[in-house]
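Below is one structure; the comments refer to it alone.
The values are calculated or read from the model by the stated rules, or taken from the named source; none is laboratory data. Since the structure is predicted, the reported quantities are computational estimates derived from the model, not experimental observations. FYI the Cβ positions are ideal-geometry reconstructions off the backbone, even for glycines, and counts take in every protein chain you see. Quick note on the areas: whole protein, heavy atoms, side chains included, nothing else; ligands and nucleic acids left out. Shrake-Rupley method; radii C 1.70, N 1.55, O 1.52, S 1.80 Å.
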Amino acid sequence: MPPIPILRGIALVTSVMGLLIVVAGISTQPTMSFFFGKIPSTLAWIITCGAFYYAHAVRNVGVVYLLGLLVLCIVFGVIGTPGWIFAKLFKKKKQSTKSSPSVEEPDEEDEDWVDKIQKTILRIPVRIILVQLAILETVFNSMVLREGALETESWFWDKLFEKREKFYDYEEVYGKRVQNNYPEELWIFVNGITTELRTAKKHCKRLNKMFGRPVKLLHNPTNGIVLDLMECAMGKTGLLRHGSTRPRELLKKVLSEEMKKEYKKIVLVAHSQGTIIAGNVIADFSDIIEGFTNGYTKEERETVEKNMRKFEVYIVSGCAHHMTGKYVSHLECISNRGDLIAIFGHMFPKILRPIWRNTWNKGILYEFCKDHIENSKWGHFIFDAYLGQIKNGLFSESKLAEYYHLKKRQEKEK
């Protein structure tokens, strides 16, 4: 194994290469969507390059073409399929004329938007200084100090990522005692970036309504989109990884405790950045089982392996670097072909996955998982673009659709 500074240098260089591959892959999304995902990626590349050549050489609007393509991919790659967006807007407008406005549940963490904007503006110069100092400290530690130095506490990173992750039980999520018809199962949801606590709780409630199981929440708090994206990069590549260790360690602690209980099944649903956290934790447990982590006896490793068989993991819009179902009972990766975020992980070109290395010298890896991909669909939001679309027949071969959602519907019909 090369020295640690060299590994980090390789991770940095290959991450830049990976981003270029992502940008190139994103450029084919409109073409793939236009043909409903029925054409090979190579042909989509040829068509896209041909369109750019025509725009640049014939019409002399190559820059305009690229900018338009970039905006199109970013907007629809996050929000969703163009036709579906307009249909939803029309449906919302129609429903608003028929129904009275609903009263939202109060949330203790909600802030006045004016106060929130003022605080954000005031924090910008401070955060710029803290980011620079934190990066300098991390570079110094990575080049000079011993292995594991990046895992220690950092005052600068702690000030940047000031909001703390927390695990919420049923009563904390739902605000009351909730009916649980499946006490032998435990469901946990790990949210993605820019998700406030109130929104994450709503996701848990919708999961409960859709699948009939109450859901506990591992809330990964938002510190603003820029810092959230930095946190994603830390967790995915291992570079500057102070900010990514806390949610990872909390989920690992929670699952370590819960898997010892008498549950027959532990279902983990992760979305977006939550898939990075979940993938890292599964990798940590795999390292324990395979003997790469010190401090565990043979009996303890066997116990961890036995308990991991309780796990069912559902990765929605996976952008994790490493995702393996080798030791879990069931792993599914669910993605839209036009999802701007999934192309960083699950939808990254398979033939190029070994190129993008992290600081453990591992390429992107998705193994022992069942892939469910909608080739003609766009969008990133968990319900609007994914789980909510199960009702419309998408991802029909997923266990979430075949077993959990449909079973509940059939029970209601009886």
Gly295 passes all but one of (1) under 21 Å from Ala200 (Cβ atoms); (2) open to solvent by 10 Å² or more (accessible area, probe 1.4 Å); which number fails? (1)
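What number of residues within the stretch 352-374 are within 18 Å of Leu394 (Cα to Cα) and over 19 Å from the mean Cα position of the chain (by Cα)? Write out each step before concluding.
Filtering the stretch 352-374 down to residues within 18 Å of Leu394 (Cα to Cα) leaves 370-374.
Going one step further and asking which of them are over 19 Å from the mean Cα position of the chain (by Cα), we end up with none.
Residues meeting the conditions: 0.
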For the stretch 202-212, state whether one or more residues are of a type outside the set (Ser, Thr, Tyr), in a loop (DSSP other than H, G, I, E, B) and in contact (Cβ under 8 Å) with a residue 12 or more places away in the chain. yes
Lone unmet requirement of (1) closer than 27 Å to Leu239 by Cβ; (2) out of contact with any strand residue (DSSP E or B) (no Cβ under 8 Å at 6 or more places or on another chain); (3) in contact (Cβ under 8 Å) with a residue 40 or more places away in the chain for Met308: (1)
Among (1) open to solvent by 30 Å² or more (accessible area, probe 1.4 Å); (2) over 24 Å from Phe189 (Cα atoms), the one test that Asn358 misses: (1)
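Return yes when Met347 is closer than 22 Å to Phe292 by Cα, in contact with a helix residue (DSSP H, G or I) (Cβ under 9 Å, 6 or more places away or on another chain) and buried (at least 24 other Cβ atoms within 10 Å of the Cβ) and no when it is not.
On the way: closer than 22 Å to Phe292 by Cα: no; in contact with a helix residue (DSSP H, G or I) (Cβ under 9 Å, 6 or more places away or on another chain): yes; buried (at least 24 other Cβ atoms within 10 Å of the Cβ): yes.
So Met347 does not fit the description; no.
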Considering the stretch 164-198 alone, what residues qualify as being surrounded by 13 or more Cβ atoms within 10 Å (Cβ to Cβ), under 15 Å from Gly212 (Cα atoms) and out of contact with any strand residue (DSSP E or B) (no Cβ under 6 Å at 6 or more places or on another chain)? Tyr170, Tyr174, Val178, Asn180, Tyr182
Whether any residue in the stretch 211-228 is surrounded by 23 or more Cβ atoms within 10 Å (Cβ to Cβ), in contact with a Cys (Cβ under 7 Å, 6 or more places away or on another chain) and farther than 29 Å from Leu160 by Cβ is what I want to check. yes
What about Leu387, is it open to solvent by 10 Å² or more (accessible area, probe 1.4 Å) and at pLDDT below 95? no
Suppose we filter the stretch 27-37 for residues that are at pLDDT 70 or above and not in a helix (DSSP H, G or I); how many remain? 3
Going through the stretch 327-342 in order, the residues found to be touching a residue at least 40 places away in the same chain (Cβ under 8 Å) and more than 18 Å from Val267 (Cβ to Cβ) are Asn336, Arg337, Gly338, Asp339, Leu340, Ile341
Quick check: is even one residue across the stretch 244-258 assigned to a loop (DSSP other than H, G, I, E, B) and modelled with pLDDT under 95? no
Of the residues in the stretch 302-325, those that are under 22 Å from Ala385 (Cα atoms) and among the aromatic types (Phe, Trp, Tyr) come to Tyr314
Please indicate, with yes or no, whether at least one residue in the stretch 153-161 is of a type outside the set (Ser, Thr, Tyr), under 20 Å from the mean Cα position of the chain (by Cα), under 18 Å from Arg246 (Cβ atoms) and modelled with pLDDT of 95 or more. no
State whether one or more residues within the stretch 12-26 are modelled with pLDDT of 70 or more, part of a loop (DSSP other than H, G, I, E, B) and over 19 Å from Ser317 (Cα atoms). no
